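To keep things clear, I will list the structure first and then write my remarks on it.
The values are calculated or read from the model by the stated rules, or taken from the named source; none is laboratory data. What you see is a predicted model, and the numbers here were worked out from it, not measured in a lab. Positions of Cβ are generated from backbone atoms using ideal geometry, with glycine treated the same way; all protein chains shown enter the neighbour counts. Quick note on the areas: whole protein, heavy atoms, side chains included, nothing else; ligands and nucleic acids left out. Shrake-Rupley method; radii C 1.70, N 1.55, O 1.52, S 1.80 Å.
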Amino acid sequence: MLYMHDVWVNWFEGEENGYNVCYFHEWRKNDGIELLDQVPLLYITKELFHYIENDMHDLPRPLLDSIYKRAYVRKGQERNVLDYACIVSDGADILVFDTIGYEIPIRKSRLIPRQEQLVYDMIKNTKPQSYKFDSKAYQKEYHMLSMSPDLVFGLTRKERQLKHLLMMGLDQLRTTNNLEELRYWLTEWDPKKYPYIRFMDEEEVWGALYSGVKKGWSNAHEDLCGKLIKGQPFLEKIWEVENGQTENISKQK
């Protein structure tokens, strides 16, 4: 078993998509950085890595058994054991996970660049293990609140978060499915369509709105997002956070 020591992690909790587990250059000064005193390192197949990185399902039992109580976190003078935590790599990318006692990767993190290079050096002469993971039985599904990577490719951390916020607002709009509301928001998004919008039914309006906003990110997207979530305290709070302190750690050095 390979081990790493004094590993800095920035946990992202409950993230089922790897693109929301930020790399070091997107870590922020107000993120909660933690020090793992010791953590096992596993070289795994690409299929298993993708499964861990991009979903929150049960991990293979052989993998869990191999890392049980082998990781420790240091908080001040205390050294506490973690039930199931480790670093995994497929030889091209790296992820740290902690199940917080469950059997699914609840918390995920990337590594700092220096420790990433150390991982690649350590696994260089080893072979990837599948831990009896059946890739044929697994199929990742994307939807509005769990967007396909191609819909967020190239976006910054703030833009990805705001786009997810926009999708949450649109999901509520779709659930209500009020024709006049849908027409109003499509007009906000694309005023040139106004002469035709009043002749569209719910499905047509929704199709035009969603297909219009789902790709990319722009000032128009941000403007629509800000207007759509007004009056919804929970969504407004996320908006305030993303438009507040967003300075990255790497920019401070």
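Below is a table of values for the structure above.
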item: Relative contact order, percent, the chain [alpha-carbon distance under 8 Å, six or more residues apart]; result: 21 percent
item: Solvent-accessible heavy-atom area per residue, rounded to whole Å², over segment 101-180 at 1.4 Å; result: 59 Å²
item: Within the accessible area of the chain (1.4 Å probe), percent carbon and sulfur; result: 50 percent
item: Karplus-derived 3J(HN,Hα), 6.51/-1.76/1.60, for each residue of segment 107-118, Hz, glycine and proline x; result: 10, 9, 8, 9, 10, 6, x, 4, 7, 4, 4, 5
item: Using a Förster distance of 30 Å, the FRET efficiency for MET144-ASP93 (Cβ separation, nearest 0.05); result: 0.70
item: Dipole in debye (nearest 20) - the chain, about Cα centre, beta carbon charges: Lys, Arg +1; Asp, Glu -1; result: 680 debye
item: Segments 43-49, 62-68 sorted - mean Cβ within 10 Å per residue, highest first; result: 43-49, 62-68
item: Karplus-derived HN-Hα couplings along segment 130-140 (A = 6.51, B = -1.76, C = 1.60, θ = phi - 60°), whole Hz, x at Gly and Pro; result: 9, 6, 6, 6, 9, 5, 5, 8, 10, 9, 6
item: Backbone HN-Hα couplings from phi across segment 83-94 [Karplus 6.51/-1.76/1.60, Hz, Gly and Pro as x]; result: 4, 9, 8, 6, 9, 10, 9, 9, x, 10, 8, 9
item: 5 angstrom amide H check on LEU42, placed H, neighbours 5+ away; result: ILE87, VAL88, SER89
item: Among (i) 0.97; (ii) 1.18; (iii) 1.57, the entry that matches Cα Rg over 2.2 N^0.38 Å as calculated here; result: (ii)
item: Modelled FRET efficiency - R0 30 Å, LYS192 with ASP171, Cβ distances, 0.05 increments; result: 0.75
item: For segment 1-100, accessible area per residue (1.4 Å probe, heavy atoms of protein chains only), Å²; result: 42 Å²
item: For a label point 7 Å along the Cα-to-beta-carbon line of ASP223, residues of segment 157-201 with backbone N under 11 Å; result: 188-191
item: Burial order of peptide ranges 101-113, 84-96, 199-211, 131-143 (average beta-carbon count within 10 Å, highest first); result: 84-96, 101-113, 199-211, 131-143
item: Unit charges at the beta carbon, dipole of the chain: most positive-side option, TYR43, TYR19, TYR210; result: TYR43
